[in-house]
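Novice: Here's a structure for you.
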Amino acid sequence: MDAPSAQPRDRATEAVIAAVRDATKTYALSSAPVAALKNVSLELRRGEMVALVGPSGCGKSTLLNMLSGVDRADSGAVVVCGVDLTHAAESDLVRLRRSKIGIVFQAFHLVPHLSVEENVALPLALAGVRDDERVRALLERVGLGARRKHHPSELSGGEQQRTAVARALVHKPALVLADEPTGNLDSASGAAVLALLDELRRTEGAALVLATHDAKVAASADRIVRMADGSLVP
């Protein structure tokens with residue numbers, strides 16, 4: 001008799017893009033230590049959109065920083081695409097961000113001397129890859145096709161945000177982390193960006209995590225994760 005197949009279990013394991021297990025983070029400030037994360041556990045699956053909601057200072061941005069490897073947990077584990085970010089070498093974290101993680105920063109972080117299309121293509125260039133067709137297609141999708149030769153200083157805040165979104169998606173990341181991705185957009189542009197994020201996570205299988213104060217944005221997610229005082233709450 002053949003041994004039972006382990007395939008379903010393997011598929012379930014592969015579906016988990018990122019896992020946070022009992023992660024804690026405390027920042028040592030001059031006044032007193034601040035516990036930014038307290039034993040947080042969370043799994044993010046392929047093709048899933050998760051909204052992080054909660055008041056300012058609740059730990060949303062800290063959790064995004066843990067998932068991106070920008071900051072490290074003091075204890076517990078944060079595993080993304082099989083890499084334990086808590087103990088990985090900095091060079092491994094850089095490679096992981098370049099190949100597997102897309103980040104939409106609230107402050108944009110566009111390179112001022114690069115054009116819009118050069119900013120969007122930057123993750124590909126850092127990986128030694130060129131894909132002009134994807135860059136152009138993403139710029140058209142976020143309504144910036146006619147602005148591709150402009151520089152960040154020539155863009156509105158909303159246009160800079162849309163450039164940042166396109167840059168975060170250009171290398172087809174497995175995990176997309178977005179901090180208030182529609183915070184600087186009007187309603188029409190915000191809806192277009194959300195539609196793009198939703199389409200690409202469905203067609204390309206990325207796990208998408210949005211930190212947001214916008215109830216409409218949160219409502220579009222598959223799952224809402226609420227945070228308060230550094231912890232997940234029901």
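The values are calculated or read from the model by the stated rules, or taken from the named source; none is laboratory data. Keep in mind that what you see is a predicted model, and the values were worked out from it rather than measured. Backbone-built Cβ (ideal geometry, glycine too); neighbour counts: all protein chains shown.
Novice: Pull up the stretch 207-231, narrow it to residues that are among the hydroxyl-bearing types (S, T, Y) and under 17 Å from the mean Cα position of the chain (by Cα), then point me to the one that is farthest from E140 (Cα to Cα).
Specialist: Step by step, filter the stretch 207-231, then rank; the result is T212.
Novice: Which of the residues that make up the stretch 171-197 are more than 24 Å from G69 (Cα to Cα) and either in contact (Cβ under 8 Å) with a residue 40 or more places away in the chain or among the hydrophobic types (A, V, I, L, M, F, W, C) (or both)?
Specialist: Answer for the stretch 171-197, where residues must be more than 24 Å from G69 (Cα to Cα) and either in contact (Cβ under 8 Å) with a residue 40 or more places away in the chain or among the hydrophobic types (A, V, I, L, M, F, W, C) (or both): L185, A188, S189, A191, A192, V193, L194, A195, L196.
Novice: Report, by residue number, each residue of the stretch 74-90 that is among the small types (G, A, S) and in contact with a helix residue (DSSP H, G or I) (Cβ under 8 Å, 6 or more places away or on another chain).
Specialist: A88
Novice: Pairs under 8 Å by beta carbon, first residue surrounded by 15 or more Cβ atoms within 10 Å (Cβ to Cβ) in the stretch 73-96, partner of a type in the set (D, E), six or more apart or different chains?
Specialist: Listed pairs, sorted by first residue: G76/D22; A77/D22; A77/D84; V78/D84; V83/D92.
Novice: Name the single residue that is surrounded by the most Cβ atoms within 10 Å (Cβ to Cβ) among those in the stretch 144-166 being more than 20 Å from the chain's Cα centre (by Cα), part of a helix (DSSP H, G or I) and among the charged types (D, E, K, R).
Specialist: Residue satisfying both the conditions and the ranking: R147.
Novice: Kindly list the number of the only condition in (1) within 24 Å of M227 (Cβ to Cβ); (2) in contact with a Ser or Thr (Cβ under 8 Å, 6 or more places away or on another chain); (3) small (G, A, S) that fails for G54.
Specialist: G54 satisfies every listed condition except (2).
Novice: Would you confirm whether any residue within the stretch 193-206 is surrounded by fewer than 18 Cβ atoms within 10 Å (Cβ to Cβ) and more than 16 Å from the chain's Cα centre (by Cα)?
Specialist: So far as the stretch 193-206 goes, yes, one or more of its residues are surrounded by fewer than 18 Cβ atoms within 10 Å (Cβ to Cβ) and more than 16 Å from the chain's Cα centre (by Cα).
Here's the yes/no breakdown for (1) modelled with pLDDT of 95 or more; (2) closer than 23 Å to P173 by Cα; (3) in contact with a helix residue (DSSP H, G or I) (Cβ under 9 Å, 6 or more places away or on another chain):
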{"site": "P4", "(1), (2), (3)": "no, no, no"}
{"site": "I17", "(1), (2), (3)": "yes, yes, no"}
{"site": "D22", "(1), (2), (3)": "yes, no, no"}
{"site": "Y27", "(1), (2), (3)": "no, no, yes"}
{"site": "P33", "(1), (2), (3)": "no, no, no"}
{"site": "V40", "(1), (2), (3)": "yes, no, yes"}
{"site": "V50", "(1), (2), (3)": "yes, yes, no"}
{"site": "S61", "(1), (2), (3)": "no, yes, no"}
